[in-house]
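The values are calculated or read from the model by the stated rules, or taken from the named source; none is laboratory data. What you see is a predicted model, and the numbers here were worked out from it, not measured in a lab. A quick note on method: Cβ atoms are made from the backbone with ideal geometry, for glycine too, and the neighbour counts reach across all protein chains shown. Note: accessible area is taken over every heavy atom of the protein model, side chains too, but ligands, DNA and RNA are not part of it. Shrake-Rupley method; radii C 1.70, N 1.55, O 1.52, S 1.80 Å.
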Amino acid sequence: MTRILVVDDEPQIVRALRINLKARGYEVDAAQDGATALHLAAHHHPDLVVLDLGLPDMEGTEVIGGLRGWTNVPIIVLSGRDGSTDKVAALDAGADDYVTKPFGIDELLARIRAVTRRVQPVDATPAVRIGSYVVDLSERSIVPEVRLTPTEWQLLEHLVRHPGKLITQRELLHDVWGPQYQTETNYLRQYMARLRRKLETDPAHPQHLITEPGMGYRFRPQ
């Protein structure tokens, strides 16, 4: 059974999440501050963390940093802060996704399923489908055949290996082009446009290689 740690200082939100998550078969632990959250995570080892940024004793980004010091557990930020600066800061700190309050429980459950899929080993099922194409990561091949440049392969593989996860622009630039690249977002736009032209059924309305405006990109599995 998947164990979820909910970290929020609003009792009504914790209560609503506990009821809805338990009804769908999840085990739920809850913490109202960062120190308790880190303690529970260390002792109960949750499979996923739902985290508010505005906690009474520390910033949510500090909790993310504390967790990332020893675990890769998926973290979904659930916050009333809807500014892009807060979102980027949380994602750069190590969060996997960001949901803005007020939120729909169905959307949150979909995000939970998406980040849970991400932690499953891709190599166990190395082939993924993008529209009418099958991409085999282990063989670095596409059927029907599509030729990708080395940079296109690196970008595609980074997205595909993290299904459902929002990957920030900064992270993609760092991992694909190198640490000296931080602001060259035009590279990302150009290469994502190329990938969509080669793989998406309708490049103008992509279904799998998704842009999150001002934040990054996401691979949506079929």
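Brief remarks follow.
- Value of [θ]222 nm, deg cm²/dmol, for the chain, DSSP H segments ≥ 4, -39500 (n - 2.57) each, nearest 500: -12000 deg cm²/dmol
- Taking every C-alpha pair closer than 8 Å and separated by at least 6 residues, the mean separation divided by the residue count of the chain gives a relative contact order of 14 percent.
- Around Pro46: net Lys/Arg minus Asp/Glu count, Cβ-Cβ under 12 Å: -2
- Cα gyration tensor, region 81-174 - rounded (a/c under 1.5), prolate or oblate: prolate
- Applied to region 154-168, the Karplus parametrisation 6.51 cos²θ - 1.76 cosθ + 1.60 on θ = phi - 60° returns per-residue 3J(HN,Hα) values of 4, 5, 4, 5, 5, 6, 5, 6, 10, x, x, 7, 7, 9, 6 Hz, with x for Gly and Pro.
- Fraction of accessible area attributable to carbon and sulfur, the chain (%, probe 1.4 Å): 49
- Long-range amide H partners of Gly216 with built H, under 5 Å: Gln169
- Where GluC sites (Glu not before Pro) in DSSP loops with at most 14 other Cβ within 10 Å are excluded, longest remaining stretch of the chain: 1-138
- Exposed loop positions in the chain were taken to be trypsin sites (Lys or Arg not before Pro) whose DSSP state is not H, G, I, E or B and which have at most 15 other beta-carbon atoms within 10 angstrom. Between these positions, the longest stretch is 25-139.
- Cα-based shape type of region 107-222, given that a ≥ b ≥ c are square roots of the gyration tensor eigenvalues and the cut on a/c is 1.5: rounded
- Note on region 171-199 and region 1-53: Cα centroid distance 35 Å, given to the nearest whole angstrom.
- Cα gyration tensor shape of region 1-130, rounded if a/c is under 1.5, else prolate or oblate by comparing a/b with b/c: rounded
- DSSP loop chymotrypsin sites (Phe, Trp or Tyr not before Pro) with at most 15 other Cβ within 10 Å: longest gap in the chain: 104-222
- With the simple model of a label 7 Å out from the Cα in the direction of the Cβ, Ala23 to Ala42 spans 3.6 nm.
- Between Lys165 and Phe219, the built amide H atoms are under 5 Å apart, and every one of these is 5 or more places off in sequence or on another chain.
- Label of the coordinate-derived value, log10 I(q)/I(0) by the Debye sum over Cα atoms at q = 0.10, 0.12, 0.14 Å⁻¹, listed as [x] -0.52, -0.74, -0.98; [y] -0.48, -0.68, -0.89; [z] -0.40, -0.59, -0.83: [y]
- Cα-based reach from Lys101 at 20 Å (exclusive), listing lysines while leaving out same-chain residues under 8 positions away: Lys87, Lys165
- Heavy-atom accessible area per residue - region 84-222, 1.4 Å, Å²: 51
- Of all beta bridges that DSSP places with both ends in region 75-222, some 80 percent have antiparallel geometry.
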